[in-house]
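Quick notes on the structure that follows.
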Amino acid sequence: MVDKSEKFNWFVRVGYFSRAMLYGVLGLIVLTSAGKISQGTDGIFRAIEDFPAGTVILWIMVLGLIAYALFRFCSPLFDIENSGSDAKGWGKRIGHAGSAIGHLALAYSAFQYANSSGGSGGGSGGAEEAAAGVLSVELGGVVLGILGIAFGLASFNQFKKAFTGSFMNRISASAPDFTRMLGGAGFAARGVVYAIIGWSLIQAGFFSGGAEQVKTLGSAVASLAGEGIWFTLVGVGLLMFGLFSLVLARYRIIPELDSDGRVPAFRA
């Protein structure tokens, strides 16, 4: 019989594997199909459709994105990473919730393409509709703005990890020697993308920019199209982050759950 710790172990590793697939494919598209990615999230899934077995890849991405979103939702709901309940801890947990929502929006877009085999696709409409719904309620703009600040803090944290290499503390010593390089480049690229998402949420929430300002992971990357070497560097970084996540799926040190079903000293 599989105990809670083993279930949690597999759940975390599936989450990292799903993230590896997402960022690996995204980075590959940036480097090979810049013309299509410039069309936004819609162009990303259109590019995937053109891959050999593109529809199969889309369905795999749907399942992977949902799995990763559920993994990320566990952070604010159950604090599986022990971020804490102080202001800093809740900032991280809210950022993870935003990440989960963004990945669900991507999963919905991928589902539309996979289900229609070349249909209308989803673009970033799912995220825009969700943002419009939040803005329609009292203090909805504040909620989006706070989420944007959380993404901004998450962006800073990504750059900090890239510079310090602190992410290596929870990786097995048997991991490949190039893990530090993959992680450093990957976190830096993700820091750029998170900053774009955060600013879009702040604009929509605090400056009445409208729901159409809100960007998902795909549309944030697409907004860099035409920026020359910076677009390419982010694409390389995202591809390396995908490879880094694949390393994590195998070599991440995951502590066992305690008797209360909590995770002692678990850090992302």
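The values are calculated or read from the model by the stated rules, or taken from the named source; none is laboratory data. Everything numeric here is computed off the predicted structure, so don't read it as measured data. Ideal geometry is used to build each Cβ from the backbone, glycine not excepted, and the neighbour counts take in all protein chains shown. Just so you know, the surface numbers come from the protein's heavy atoms only, side chains and all, with ligands and any DNA or RNA stripped out. Shrake-Rupley method; radii C 1.70, N 1.55, O 1.52, S 1.80 Å.
Numbers for the structure displayed
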quantity: Candidate set: the stretch 211-268, residues that are crowded, with 20+ Cβ neighbours inside 10 Å, β-branched (Val, Ile, Thr) and out of contact with any Pro (no Cβ under 7 Å at 6 or more places or on another chain); chosen: the one modelled with the highest pLDDT; calculated: VAL234
quantity: Inter-residue pairs, beta-carbon under 8 Å, first open to solvent by less than 60 Å² (accessible area, probe 1.4 Å) and in the stretch 50-63, second assigned to a loop (DSSP other than H, G, I, E, B) and acidic (Asp, Glu), 6+ apart; calculated: none
quantity: Positions within the stretch 169-195 being in a helix (DSSP H, G or I), of a type in the set (D, E, K, R) and over 18 Å from LEU233 (Cα atoms), in sequence order; calculated: ARG170
quantity: Residues of the stretch 75-95 that turn out to be assigned to a helix (DSSP H, G or I), open to solvent by less than 20 Å² (accessible area, probe 1.4 Å) and not basic (Lys, Arg), as a count; calculated: 4
quantity: Of all residues making up the stretch 201-231, the number that are polar (S, T, N, Q) and under 14 Å from ILE29 (Cβ atoms); calculated: 1
quantity: Of residues in the stretch 156-167 being under 22 Å from VAL12 (Cα atoms) and out of contact with any Lys or Arg (no Cβ under 6 Å at 6 or more places or on another chain), the one modelled with the highest pLDDT; calculated: ALA162
quantity: Members of the stretch 225-256 found to be within 28 Å of ALA67 (Cα to Cα) and among the small types (Gly, Ala, Ser), listed by number; calculated: GLY235, GLY237, GLY242, SER245, ALA249
quantity: Tabulated pairs, the stretch 182-205, first open to solvent by less than 30 Å² (accessible area, probe 1.4 Å), second of a type in the set (Ser, Thr, Tyr), C-beta under 7 angstrom, 6+ apart or interchain; calculated: GLY191/SER155; TYR194/SER155; GLY198/SER155
quantity: Qualifying residue in the stretch 156-168 (condition: within 30 Å of THR32 (Cα to Cα), open to solvent by less than 40 Å² (accessible area, probe 1.4 Å) and not in a helix (DSSP H, G or I)); calculated: yes
quantity: Selection status of SER174, in contact (Cβ under 8 Å) with a residue 40 or more places away in the chain, open to solvent by 80 Å² or more (accessible area, probe 1.4 Å) and farther than 17 Å from ILE101 by Cα; calculated: no
quantity: Residues of the stretch 20-49 that turn out to be at pLDDT 80 or above and crowded, with 18+ Cβ neighbours inside 10 Å, as a count; calculated: 9
quantity: Test for ALA131: is it at pLDDT below 75 and in a helix (DSSP H, G or I); calculated: yes
